[in-house]
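Encoded as structure tokens, the structure appears first; notes follow it.
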Amino acid sequence: MVSKGRVFGGCVCSIVAMGAAAVGLSLMFPVIFAEASLSKNILVDWLMWSRSSDVTQNPLQHSLHVVEGEINSGGGHGMDGCQQQLKVYVYSFPRRFNFGMLNYTQVDLDMPWLDGEVPPPWPSDGFILEKQHNVEYWMMMDLLEDKFGDREVIRVHNPKQADLFFVPFFSSLCFYRFGLSMDPESEDKALQEEMVKLILESPHWKRSGGEDHIIPLHHPNAFRFGRHLLNASIFIVADFGRTFPQVSSLQKDVVAPYTHIIPTYDDDNPDDPFNSREMLLFFQGTLKRKDYGIVRTKLASIIQNQSGVHFEEGSTNETGLRQATVGMRNSKFCLDPAGDTPSSCRLFDAIVSHCVPVIISDKIELPFEDELDYTTFALFYSVEESLQPGWLLSQLRNVSQVQWLQMWNRLKEVSHHFEYQFPSKQNDAVNMIWKQLHKKVPAIKLKFHRKERQKIADWWNW
């Protein structure tokens with residue numbers, strides 16, 4: 001006697017098959033389901049499951065999927081009810097809101113990006129500062145990829161099929177291109193106002209109040225004129241340093257990593273990793289910062305010129321990046337103090353350099369923290385304790401070789417989660433962001449479905 005258990009469209013069915021009775025039962029079940037007017041999802045799931053002649057065989061090897069109410073054989077990515085991928089609809093915005101800012105196209109900038117067009121690569125020259133906040137670019141590139149495979153997200157062209165809606169506005173790049181002067185009448189502001197108007201007039205926005213819309217604004221100054229008008233949406237942020245709780249929060253938004261500037265250390269396999277990194281602590285960057293970043297100048301006065309410490313002003317030109325690359329790869333620990341906001345690109349440069357991050361930022365928020373335990377590969381110290389003379393270096397020198405090697409090995413294991421690339425790969429940065437977004441869908445749908453059937457004002461405090 002063999003027992004099989006299987007979930008069908010949310011219902012758990014257990015079948016005990018004994019001899020020839022199993023054959024009759026397998027033939028009867030689709031009829032029973034149909035006569036009972038059960039959903040097509042249950043029927044399809046049963047049909048797929050029943051094709052397996054052995055409990056250890058993959059029941060999806062001859063998969064079926066439902067497209068527009070029809071049962072077809074195929075790849076399974078269209079399965080209604082068995083769908084595991086996040087379905088995202090992309091607005092057709094003029095390309096001046098996105099790829100047109102890269103100056104790669106001579107086509108009318110008022111035209112939307114067309115299906116079949118090859119997206120432009122990120123420029124290899126210049127665009128250094130812009131690169132660290134180009135999350136919006138990688139997300140849109142991934143959505144335009146038509147290959148299904150093992151992906152977390154698929155683009156849908158029918159908005160009725162969408163779990164979420166992607167707003168293709170490169171807000172961080174727009175700030176770099178047109179908003180650095182902080183002129184209140186800049187083209188940056190004009191584009192933001194036009195984008196807000198387009199979104200607020202959309203029936204998809206009106207239907208949900210924008211709670212199922214994704215808007216990347218990774219630079220702390222990105223979309224600064226319009227974010228309060230669309231604050232029901234899911235923002236893709238670096239941190240919450242320049243937002244207010246009524247605009248942005250962990251509950252609705254997604255913290256995404258910076259795109260690292262330092263190249264990934266792919267061949268980091270020395271015989272003696274601990275002793276081959278001769279420098280104890282490395283920092284190279286801008287020393288004088290605003291707001292949170294004041295801690296940098298205070299740290300400089302305490303640890304600069306100390307034995308085993310490299311703490312210097314740096315630059316983002318080719319020479320500065322080359323020096324930082326060598327320095328991080330030659331150091332056991334990399335200092336990551338707060339910048340103008342609680343986070344900085346330096347953390348992710350350290351991760352891909354396998355240099356154990358020393359994070360001194362009391363209000364930092366970290367990407368993917370529901371899946372990654374940063375304490376296994378980074379050290380965290382408060383600003384107050386770090387500014388005690390001699391305290392920080394004493395802590396680092398007391399980290400044993402065994403402890404450091406554990407963190408170094410863990411950095412090598414997790415660094416792929418912070419890689420932006422095209423095509424995206426399983427559990428890379430883009431894929432991880434989609435996973436974070438996917439987790440928000442059930443709560444959004446719960447709220448929307450309740451709202452649709454309510455006859456009176458909501459009585460529950462969300």
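Quick note: the coordinates plus some simple rules give every number you see, no bench work behind them. Worth saying up front: this structure is predicted, and the values here are computed from it rather than measured. Backbone-built Cβ (ideal geometry, glycine too); neighbour counts: all protein chains shown.
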When ranked by the protection proxy of mean other Cβ atoms within 10 Å per residue, highest first, what sequence do the peptides 134-141, 275-282, 386-393, 174-181 form?
134-141, 174-181, 275-282, 386-393
Hey, can you rank 423-434, 197-208 by average C-beta count inside 10 Å, highest first?
423-434, 197-208
Step through the residues of region 415-429 one at a time and calculate ³J(HN,Hα) from phi using the Karplus curve (6.51 cos²θ - 1.76 cosθ + 1.60, θ = phi - 60°), rounding each to whole Hz and writing x for Gly and Pro.
4, 5, 5, 10, 9, 9, 7, 9, x, 5, 10, 4, 6, 7, 4
Set of aspartates and glutamates with alpha-carbon distance to Lys189 below 19 Å, sequence-local pairs under 8 removed:
Asp110, Glu130, Glu136, Glu201
Identify all lysines with a Cα-Cα distance to Lys298 below 29 Å; exclude those on the same chain that are fewer than 8 residues away in sequence.
Lys131, Lys288, Lys290, Lys332, Lys363
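Short version: what are the Cα gyration tensor semi-axes of region 273-418, square root of 5 times each eigenvalue, largest first, in whole Å?
Three semi-axes, in Å: 20, 18, 17.
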Once you have the Cα-Cα distance between Thr316 and Leu129, take 0.36 nm times their residue separation minus that, and quote the gain in nm to one decimal.
66.6 nm
Take each of the peptides 108-114, 298-304, 151-157, 230-236, average the number of other beta-carbon atoms within 10 Å over its residues, and list them starting from the highest.
230-236, 151-157, 298-304, 108-114
Once amide hydrogens are built 1.01 Å from N within the peptide plane, the residues lying 5 or more places from His133 or on another chain with amide H under 5 Å from its amide H are Thr259
